[in-house]
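Step one of this worksheet: look at the structure below.
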Amino acid sequence: MTLPGFRGEASLYKTSVHYGLAAKWNEGSETRWTPAQFLLPAVDGIGGPKGCTTTPVNVSICSSGCQKLCNTGTEIVETCVSSNQCVPALSCGPCLLPTDGIRAKILANLPIDPSTDLIFEQSCQQGSNTFSRRCEICSPETRIGLPIVSDKCIRVCMRGFDPSSINVEVRDC
């Protein structure tokens with residue numbers, strides 16, 4: 001029996017945690033199931049791109065509540081690390097126009113430039129650090145039935161009100 005996307009040698013590494021049952025992702029029209037250590041489809045080496053991530057985890061996995069997961073390209077290594085090495089969870093608010101800056105320009109009778117002033121932003125917090133970052137708003141995907149060619153699915157995304165920041169995505173559906 002052949003199991004697509006699974007290489008036996010990739011599962012032969014030592015771990016300090018229990019495996020989950022399975023991870024699932026869609027690859028085009030094909031759905032793949034793999035052991036849970038493969039959180040992403042294999043791209044570089046095994047289980048995705050090489051590198052390490054340090055993230056908070058359930059304390060039943062690591063008593064410190066923080067785990068480092070490294071993909072060397074030939075194996076995936078999981079280790080528990082101290083909580084001061086954890087990257088705090090990122091939490092962001094809604095994607096909105098920066099109304100304070102726009103209001104200030106209107107009150108000062110200054111022109112509003114869509115390419116710099118009408119760009120969507122969101123306020124984010126990571127640990128004690130609060131910051132703003134640019135963001136994008138996307139419409140839900142809409143199916144358009146066409147009589148001669150295959151149906152198309154369309155989605156519009158905007159980073160602001162400047163025409164160059166609008167992106168229309170079309171795909172066969």
## Note on the structure
Selection over the range 156-173 where residues are in a strand (DSSP E or B) and among the small types (Gly, Ala, Ser) yields a count of 1
### Task
Determine which member of the set Pro147, Pro111 is exposed (fewer than 10 other Cβ atoms within 10 Å of the Cβ), touching a helix residue (DSSP H, G or I) at 6+ places or on another chain (Cβ under 9 Å) and over 30 Å from Pro56 (Cβ atoms).
Pro111
### Task
Please state which of the following conditions Pro140 fails to meet, knowing it meets all the rest: (1) outside any strand (DSSP E or B); (2) within 19 Å of the chain's Cα centre (by Cα); (3) surrounded by 12 or more Cβ atoms within 10 Å (Cβ to Cβ).
(3)
### Query
Of these, Cys124, Cys153, which one is in contact with a Gly (Cβ under 9 Å, 6 or more places away or on another chain), free of Cβ contacts under 8 Å to residues at least 60 places away in the same chain and in a strand (DSSP E or B)?
Cys124
### Query
over 30 Å from Val156 (Cα atoms) and open to solvent by 70 Å² or more (accessible area, probe 1.4 Å), is that true of Thr116?
no
### Message
Restricting to the range 46-68, and then to whatever is open to solvent by 50 Å² or more (accessible area, probe 1.4 Å) and either in a strand (DSSP E or B) or of a type in the set (A, V, I, L, M, F, W, C) (or both), can you tell me which residue is farthest from Gln126 (Cα to Cα)?
### Response
Ile61
### Task
Return the total of residues in the range 157-169 being within 18 Å of Pro94 (Cβ to Cβ) and either modelled with pLDDT of 95 or more or in contact with a strand residue (DSSP E or B) (Cβ under 7 Å, 6 or more places away or on another chain) (or both).
5
### Query
So which of Arg103, Arg133 ends up being of a type in the set (D, E, K, R), surrounded by fewer than 13 Cβ atoms within 10 Å (Cβ to Cβ) and more than 27 Å from the chain's Cα centre (by Cα)?
Arg103
### Task
From (1) open to solvent by less than 60 Å² (accessible area, probe 1.4 Å); (2) touching a Pro at 6+ places or on another chain (Cβ under 7 Å); (3) under 30 Å from Cys62 (Cβ atoms), pick out the condition that doesn't hold for Asp162.
(3)
### Task
Among the residues of the range 69-100, count how many are of a type in the set (A, V, I, L, M, F, W, C), in a strand (DSSP E or B) and open to solvent by 70 Å² or more (accessible area, probe 1.4 Å).
2
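The values are calculated or read from the model by the stated rules, or taken from the named source; none is laboratory data. Treat the numbers as computed from the prediction; the structure is a model and nothing was measured. Neighbour counts run over all protein chains shown; Cβ positions are idealised from the backbone, glycine included. Accessible surface areas use protein heavy atoms only, side chains included; no ligands, DNA or RNA. Shrake-Rupley method; radii C 1.70, N 1.55, O 1.52, S 1.80 Å.
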